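Below is one structure, written out as structure tokens, with a few remarks after it.
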Amino acid sequence: MKNSKNKRTVILVIILLGLLIIAYKVIFMPGTSVDVVDTMDTTDILANSSTGDILKEIESINFDTSIMDDQSFKSLKSIETPLISLPIGRNNPFSSSN
């Protein structure tokens with residue numbers, strides 16, 4: 001009985017020491033710094049130019065709205081059905097309108 005309690009205590013102490021070491025390293029040890037270099041390579045330049053080309057194409061789009069004046073378009077009817085308004089939930093027992 002004493003032997004198993006001692007083993008448990010030793011195992012718990014080892015686990016706690018391991019966790020303390022890990023916590024110390026995470027909290028107090030300085031992390032590695034990453035140097036950021038602000039340079040544009042050819043892929044960035046190509047990406048910027050293709051983005052500019054796409055933007056020019058989008059700006060040059062002209063929508064033909066003459067279809068709105070077409071008689072067949074005007075003859076279209078909506079087939080939507082309105083939703084039925086059903087009561088949701090129970091009445092509020094705390095409201096003064098009861």
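The values are calculated or read from the model by the stated rules, or taken from the named source; none is laboratory data. In this text the structure is predicted, and so the values were computed from the model without any measurement. Surface areas here come from the heavy atoms of the whole protein model, side chains and all, with no ligands, DNA or RNA. Shrake-Rupley method; radii C 1.70, N 1.55, O 1.52, S 1.80 Å.
Table for the structure above
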quantity	calculated
Some residue of the stretch 26-48 being modelled with pLDDT of 85 or more and charged (D, E, K, R)	no
Residue that is modelled with the highest pLDDT, among those in the stretch 58-96 that are open to solvent by 100 Å² or more (accessible area, probe 1.4 Å), among the polar types (S, T, N, Q) and part of a loop (DSSP other than H, G, I, E, B)	THR81
Single condition ILE15 does not satisfy, out of (1) modelled with pLDDT under 90; (2) in a helix (DSSP H, G or I)	(1)
